[in-house]
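> Dropping the structure in here first, questions after.
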Amino acid sequence: MTLITMSAKELDRFQIIKKLIDRHLNGPTAARLLGLTTRQIRRLKAKVSRYGAKGLIHGNRGKASHNQINEQEKSKIIKLLRERYFDFKPTFASEKLRENHHLAHDPKTIRQIMITEGLWKPRLKKRPSVHRAWRQRKPCYGEMIQFDGSYEHWLENRGGTGESCLLAGIDDATGKLVSAKFAEHEGVFPVFDFWRDYLVKYGRPRSIYLDKFSTYNVNHQLAKENSDTLTQFERACQETGIELIKANSPQAKGRVERLFATLQDRLIKELRLANISSLPAANEFLAKTFIPQFNSRFAVEPANQANLHRKLTVTAVNRLSSIFSRQIERTILNDFTFSLRKQWYQLAKEQPVTVCKNDAVVIEEHLDRTIQIRLRGKYLNYELLPKRPERQIDKHIWVLPAIGHIPAANHPWRLAGRAQILAKLNQPSRTFLFPAK
């Protein structure tokens, strides 16, 4: 049995091409999903039919490029860039390397070297402005799920519930209410709980369409300037391979907005008729009664019958508890302790991986509120401290006094010291600064 290593992009292509071969998709739909032309799709289909998944792997993988720079010349370029052209832009640096050192290379090559060495940070490309127009439904089920939360008095204050949040996801192709769940708020943990259950039940959708609420988007102006800053939900979707599409206006995700308008009319009345007064009972009513009835009435047939949800493997399901957890990075102190929300934790002596002082560990706060500490893919052993260990030295003592004979006030040693002080102050000796006893 041959082991084939594929990237996430190649694996996604294989899934689509496989559906094309099995006649679940046609050529134009597969080309649109992969961002390729129909000619490329035909070529990939022929390769997969002949060689299987191996046909999608580039033939030059693992081979050295024929026109790459030799290591000696590359080392010379890096040395010159660091010593003389560290603040030059790539084009200007390439010109100076050609003029002063006879190292003629394309500016793009020099740019890539500077990026690798950390001497140049690539700029984000501005997306061209797109004319807004009415968007048609996605053709395949599971291609895009519109997701949002709506605050309302869903139970009309029965049971003292007050205002609660309904999290719901609707399929763009079919208008099917795929999943819905009541929660106290639209925070990180309720959203994590929603999507963890969704992925276990239905699999991974290709994309999620949502708004720029703080749970899903970094809204602080200073944090926006750093493209690497992600919310907890963005990080989780990145790890699961789900594309996030963020709407700039409520009208852009009109399907889920209209869904909540319908639910605020119908669902509130249905819950009242069922005499439901608690959120757990409301969630059970949603799953067993309301959602099947709603979909049988309002869902439509998609343009294409293919289901683009990708079922999770057993390994992926086991990783969901880690992925959908609030993750915070901490540094191990010299006494192998760290703090989290005013609580102190002590690492045990026996660990599955070597732990050094000042190591950066990832603290995972799971949905069941348990804490796990991860370092290089291993979970560390720890215990919760009632308080941080106190230092043994008394903080109030700043000097250690000597214990012995104390000279009298008229001792010659004191008189000599008194005379020196009087001389400095230029005052007569009969002053009563130091009265005799």
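The values are calculated or read from the model by the stated rules, or taken from the named source; none is laboratory data. Just so you know, these numbers come straight off a predicted model, no measurement behind them. Using ideal geometry, Cβ is built from the backbone for each residue, glycine included, and neighbour counts are taken over all protein chains shown.
> Go through the residues of segment 97-113 one by one and say whether even a single one is touching a His at 6+ places or on another chain (Cβ under 7 Å) and not aliphatic (A, V, I, L, M).
No: zero hits.
> Just give me the residues in segment 246-276 being surrounded by fewer than 16 Cβ atoms within 10 Å (Cβ to Cβ) and either under 18 Å from Y198 (Cα atoms) or polar (S, T, N, Q) (or both), in sequence order.
Of everything in segment 246-276, those that are surrounded by fewer than 16 Cβ atoms within 10 Å (Cβ to Cβ) and either under 18 Å from Y198 (Cα atoms) or polar (S, T, N, Q) (or both) turn out to be N248, S249, Q251, T262, Q264, N275.
> Between Y345, Y379, which is in contact with a Pro (Cβ under 9 Å, 6 or more places away or on another chain), surrounded by 10 or more Cβ atoms within 10 Å (Cβ to Cβ), of a type outside the set (A, V, I, L, M, F, W, C) and modelled with pLDDT of 85 or more?
Just a single option satisfies the conditions, and that option is Y379.
> What are the pairs with Cβ atoms under 6 angstrom where one residue, in segment 193-216, is surrounded by 18 or more Cβ atoms within 10 Å (Cβ to Cβ) and the other, located anywhere, is assigned to a loop (DSSP other than H, G, I, E, B) and of a type in the set (G, A, S)? Sequence gap at least six, or different chains.
Going by the 6 Å Cβ cut-off, the qualifying pairs are P205/G142; D211/A247.
> What number of residues within segment 1-31 are in a loop (DSSP other than H, G, I, E, B) and either farther than 15 Å from A306 by Cα or under 31 Å from the mean Cα position of the chain (by Cα) (or both)?
So the answer is 7.
> If you don't mind, another one. For segment 262-381, which fully contained strands (runs of 3 or more DSSP E) count at least 1 residues that are closer than 30 Å to I145 by Cα, acidic (D, E) and not assigned by TED's automatic domain parsing to the domain that holds P190?
Working: elements: 304-307, 326-331, 337-340, 343-347, 360-365, 371-375.
Counting at least 1 such residues, we get 360-365.
> Restricting to segment 316-342, and then to whatever is more than 26 Å from D171 (Cα to Cα) and out of contact with any strand residue (DSSP E or B) (no Cβ under 7 Å at 6 or more places or on another chain), can you tell me which residue is surrounded by the most Cβ atoms within 10 Å (Cβ to Cβ)?
Filtering first and then ranking leaves L333.
> Related question: Picking from T174, T262, which residue would you name as being touching a strand residue (DSSP E or B) at 6+ places or on another chain (Cβ under 6 Å) and closer than 28 Å to N304 by Cα?
That would be T174, the only listed residue that is touching a strand residue (DSSP E or B) at 6+ places or on another chain (Cβ under 6 Å) and closer than 28 Å to N304 by Cα.
> Tell me, which residue of segment 6-53 that is in contact (Cβ under 8 Å) with a residue 24 or more places away in the chain and of a type in the set (S, T, Y) is farthest from A303 (Cα to Cα)?
Step by step, filter segment 6-53, then rank; the result is S49.
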